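The values are calculated or read from the model by the stated rules, or taken from the named source; none is laboratory data. Owing to the predicted nature of the structure, the values given are computational and were not obtained by experimental measurement. Reconstructed Cβ throughout: ideal geometry from the backbone, glycine too, with neighbour counts over all protein chains shown. Protein only, heavy atoms only, side chains kept; ligands, DNA and RNA dropped before computing areas. Shrake-Rupley method; radii C 1.70, N 1.55, O 1.52, S 1.80 Å.
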Amino acid sequence: QVQLVESGGGLVQAGGSLGLSCAASGFIIDIYDVSWYRQAPGKERELVATITNGYRENYADFVKGRFTISRDNAKNTVYLQMNSLKPEDTAVYYCNADLFGSHHWGKGTLVTVSS
């Protein structure tokens with residue numbers, strides 16, 4: 001069964017850090033571009049960061065310098081390290097694997113940043 005499972009969300013104070021994981025099963029993630037998206041209450045889903053199958057990283061302006069995306073193909077897992085968290089980072093964070101327009105989505109993990 002093809003699956004992406006996010007983990008690592010939780011409650012953290014502003015200025016704190018969290019590390020998210022996205023574990024793939026049922027397919028080999030190394031050929032995919034993988035992205036993290038987030039959706040805050042009442043808002044549309046937005047792209048946070050992408051790591052290509054060639055390890056190129058791209059970030060939304062609102063997380064540059066604070067978040068780092070990485071991948072460990074041997075573990076079939078992609079990570080998102082989030083530092084200097086702000087209350088506006090509160091959202092459900094989703095993992096997406098893309099191969100030539102064929103997408104797999106996880107169910108998300110909730111990150112709550114208190115002020």
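Can you pull the semi-axes for the chain, root of five times each eigenvalue of the Cα gyration tensor, sorted largest first, whole Å? Could you put the intermediate results ahead of the total?
Values: eigenvalues 105, 39, 33 Å².
Equivalent-ellipsoid dimensions as semi-axes: 23, 14, 13 Å.
Given a Förster radius of 30 Å and the C-beta distance between Lys75 and Ser17 as r, what FRET efficiency does 1/(1 + (r/R0)^6) yield to the nearest 0.05? Present the calculation step by step, with values, prior to reporting the outcome.
Working: r = 21 Å, r/R0 = 0.69.
So, using R0 = 30 Å, E works out to roughly 0.90.
With a 1.4 Å probe and all protein chains left in place, how much of the accessible area of the chain comes from carbon and sulfur atoms, in whole percent? Write out the running numbers ahead of the final one.
Working: 3020 of 6070 Å².
Taking all protein chains in place, the chain shows 50 percent carbon and sulfur surface.
What ³J(HN,Hα) values, in whole Hz, does the Karplus curve 6.51 cos²θ - 1.76 cosθ + 1.60 give for the range 12-29 when θ = phi - 60°, with x put for Gly and Pro?
These are the phi-based 3J(HN,Hα) values: 9, 7, 4, x, x, 10, 9, x, 9, 10, 10, 9, 9, 9, x, 7, 9, 7 Hz.
I'd like the FRET efficiency for Ser25 and Asn83, computed as 1/(1 + (r/R0)^6) with the beta carbon distance as r and R0 of 25 Å, rounded to 0.05. Write down the numbers at each step before the final one.
Details: r = 28 Å, r/R0 = 1.12.
FRET efficiency, Ser25 to Asn83: 0.35.
Could you check the simple spin-label distance between Ala40 and Val2, using points 7 Å along Cα→Cβ, in nm with one decimal?
3.2 nm
For the chain, what is the accessible area per residue in Å², given a 1.4 Å probe and the full set of protein chains? Show your work: numbers first, answer last.
On the way: 6070 Å² over 115 residues.
With the other protein chains kept in place, the chain gives 53 Å² per residue.
As an exercise, identify the trypsin sites (Lys or Arg not before Pro) in the range 30-115 lying in DSSP coil whose Cβ has no more than 15 other Cβ atoms within 10 Å. Write down the numbers at each step before the final one.
Details: sites: Arg38, Lys43, Arg45, Arg56, Lys64, Arg66, Arg71, Lys75, Lys107; in loops: Lys43, Arg45, Arg56, Lys64, Arg66, Lys107.
Answer in residue order: Lys43, Arg45, Arg56, Lys64, Arg66, Lys107.
Among Phe100, Gly54, Gly9, which residue has its Cα furthest toward the positive end of the charge dipole of the chain, with +1 on Lys/Arg Cβ and -1 on Asp/Glu Cβ?
Gly9
GluC sites (Glu not before Pro) within the range 1-93: which are DSSP loop residues with at most 16 other Cβ atoms inside 10 Å?
Sites meeting the loop and neighbour criteria: Glu44.
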